[in-house]
1. Look at residue 22 and say whether it is outside any strand (DSSP E or B), in contact (Cβ under 8 Å) with a residue 60 or more places away in the chain and under 24 Å from residue 98 (Cα atoms).
2. Name the single residue that is farthest from the chain's Cα centre (by Cα) among those in region 84-116 being outside any helix (DSSP H, G or I) and among the β-branched types (Val, Ile, Thr).
3. Taking region 51-84 as the region of interest, how many residues are under 12 Å from residue 99 (Cβ atoms) and small (Gly, Ala, Ser)?
4. Residue 35 passes all but one of (1) surrounded by 14 or more Cβ atoms within 10 Å (Cβ to Cβ); (2) among the charged types (D, E, K, R); (3) without any contact (Cβ under 8 Å) to a residue 60 or more places away in the chain; which number fails?
5. When only residues in region 52-109 that are open to solvent by 40 Å² or more (accessible area, probe 1.4 Å) and touching a Ser or Thr at 6+ places or on another chain (Cβ under 7 Å) count, which is modelled with the lowest pLDDT?
Amino acid sequence: MPSDRLRSARSCHIFILWGDKFEEAAAVTFATGFRKAGLSVKIVGLHGLRSSGRHGLVLSSDMTLGDALALANKSVCIVIPCSATELRQIENDPRVVDFFRLAQTNQARFVVSDQKVVEKSSLKTLICDQ
């Protein structure tokens, strides 16, 4: 019988945001590493299920942002593998704001490539207030 800790780990998710011009290497590295560890990882497509990364690699997402909203309150970590430019392109999407707010209800941690990326974003208060 699985322990409570294992059961709760399975009911929580790590979300990796994926959109146009995001960093393929970071997204794939995090997804692979977390999945090897047996954690539930969902790659979330911000612009549909397929997007091209910064170096032209096309990745398929597990779900769209709209679908992920229903699971956001079960997130333990949100990985945002992008530069300040890409973050600015999504920061005005009300679904992203809602997703981050719901993730905060579960005290999710946010992983970004560089804190300077967040400092320039209107999402700063959602990502850093932990």
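The values are calculated or read from the model by the stated rules, or taken from the named source; none is laboratory data. Just so it is clear, the model here is predicted, and its values are computed rather than measured. Note: ideal-geometry Cβ built from the backbone for every residue, glycine included; neighbour counts use all protein chains shown. All accessible areas refer to the heavy atoms of the entire protein, side chains included, with ligands and DNA or RNA removed. Shrake-Rupley method; radii C 1.70, N 1.55, O 1.52, S 1.80 Å.
1. Numbers: outside any strand (DSSP E or B): yes; in contact (Cβ under 8 Å) with a residue 60 or more places away in the chain: yes; under 24 Å from residue 98 (Cα atoms): yes.
For residue 22, the condition - outside any strand (DSSP E or B), in contact (Cβ under 8 Å) with a residue 60 or more places away in the chain and under 24 Å from residue 98 (Cα atoms) - is met.
2. Taking region 84-116 as the starting set, the residues that turn out to be outside any helix (DSSP H, G or I) are 91-93, 105-114.
Adding the requirement that they be among the β-branched types (Val, Ile, Thr) leaves 105, 111-112.
On the way: 105: 15, 111: 8, 112: 10 Å.
Step by step, filter region 84-116, then rank; the result is 105.
3. Within region 51-84, residues that are under 12 Å from residue 99 (Cβ atoms) and small (Gly, Ala, Ser) number 5.
4. Going through (1) surrounded by 14 or more Cβ atoms within 10 Å (Cβ to Cβ); (2) among the charged types (D, E, K, R); (3) without any contact (Cβ under 8 Å) to a residue 60 or more places away in the chain one by one, residue 35 breaks only (1).
5. Among those that are open to solvent by 40 Å² or more (accessible area, probe 1.4 Å) and touching a Ser or Thr at 6+ places or on another chain (Cβ under 7 Å), it is 88.
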